[in-house]
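Notes for the one structure printed next.
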Amino acid sequence: MRGEVGVSRAAEHLVAESTTAWAEPAADAIVREPAPIAVHPVYAGRALKPVGGLAKRAFDVCFAAAALTLLAPLLAVIALAIRLDSRGPAIFRQERGGFNGRRFRIWKFRTMRDEPYDTRQVAHDDERVTRVGRWLRRMSLDEFPQLVNVLMGDMSLVGPRPHMIAHDREFTTVDPRYPLRTRARPGITGLAQVVGHRGPASTNEKIQNRTACDVAYVEGWSFQQDMQLVARTFVVLWNDARTL
């Protein structure tokens with residue numbers, strides 16, 4: 001309980017600071033400088049290294065490797081259930097924007113009909129979601145293959161959630177702080193998800209709330225906060241399981 005209160009208070013403090021500091025960004029607040037890689041212009045404020053450095057990366061690798069080993073039987077059962085439930089592959093891959101805007105292919109268990117070019121956000125009772133997929137999404141089990149992305153260095157356990165490339169462009173027009181979230185590797189879980197900003201970012205208010213959390217996380221990163229967010233994520237998943 002103390003851990004949960006600590007995370008909640010820290011989240012409120014960080015989000016409040018971020019909202020105040022970025023309510024009216026100066027014209028030169030987001031720096032755009034040449035980079036040695038091709039990056040879409042929607043991404044700005046580029047950092048030389050992701051937040052957290054070596055300590056965060058070491059924890060990511062150790063945790064992801066252990067989790068994949070322990071969860072291998074469960075992942076195999078889920079993959080089989082997906083294949084038996086609907087046509088298409090068990091794993092869904094799609095381009096997302098990562099650290100400094102570098103594109104990568106995210107791994108997820110497929111939860112919808114195999115429509116790779118559909119960029120609509122998933123809505124409640126979305127007809128595209130399969131029977132098994134609806135259960136996986138309710139428990140967030142569809143995100144487990146992203147442990148592979150963590151091992152590959154494209155993602156972190158904790159960080160801003162990666163969105164589709166088209167949504168990155170759209171969300172940047174809604175909130176000018178949005179590109180700053182790319183200073184961290186995208187995460188499987190994050191501050192926004194733990195404090196209640198999960199699900200589709202379907203309105204400007206939701207986009208701004210999530211962006212505020214993401215920017216607060218990037219600017220206030222600490223290893224202790226990462227540990228608290230990982231622990232709080234398990235609590236959220238447990239509560240989700242109890243409501244099934």
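Cut-off is 10 Å between beta-carbons; in what order do Cys62, Cys213 appear when sorted fewest neighbours first?
With the sparsest Cβ surroundings first, the list reads Cys62, Cys213.
³J(HN,Hα) across segment 68-82 via Karplus (A = 6.51, B = -1.76, C = 1.60, θ = phi - 60°), whole Hz, x for Gly/Pro?
Coupling constants for segment 68-82: 5, 5, 6, 8, 3, x, 5, 5, 5, 5, 4, 4, 5, 4, 5 Hz.
Skipping prolines and chain starts, which residues have an amide H placed within reach, meaning under 5 Å, of the one on Trp107, given they are 5 or more residues away or on another chain?
Hits under the 5 Å cutoff: Asn149.
At a Förster radius of 51 Å, what calculated FRET efficiency corresponds to the Cβ-Cβ distance of Arg138 and Ala55, to the nearest 0.05?
Efficiency for this residue pair is about 0.95.
What are the ³J(HN,Hα) values, in whole Hz, obtained from phi via the Karplus relation 6.51 cos²θ - 1.76 cosθ + 1.60 with θ = phi - 60°, for each residue of segment 156-173 in sequence order, with x given for Gly and Pro?
Result, ordered by residue: 10, 5, 10, x, x, 5, x, 10, 4, 4, 4, 6, 4, 5, 5, 5, 5, 6 Hz.
Distance between the C-alpha centers of segment 203-244 and segment 151-202? Whole Å please.
11 Å
Can you list residues from other chains, or at least 5 along the same chain, whose modelled amide H is less than 5 Å from the amide H of Met112?
For Met112, the qualifying residues are Thr130.
Amide H neighbours of Met155 under 5 Å, counting only residues 5+ apart in sequence or on other chains, H built in-plane at 1.01 Å?
Residues meeting the amide H criterion: Val150.
Once phi is turned into ³J(HN,Hα) by the Karplus curve 6.51 cos²θ - 1.76 cosθ + 1.60 with θ = phi - 60°, what whole-Hz value does each residue of segment 197-214 show in order, with x for glycine and proline?
Karplus-based 3J(HN,Hα) across segment 197-214 equals 9, 9, x, x, 8, 8, 10, 4, 4, 5, 4, 5, 5, 5, 4, 4, 5, 5 Hz.
Every read-out reported here was derived from the displayed coordinates using simple, explicitly stated rules and does not represent laboratory data. Note that the structure is a prediction, hence the values are computed from the model and not measured. As a convention, Cβ positions derive from the backbone with ideal geometry for all residues, glycine included, and neighbour counts pool all protein chains shown.
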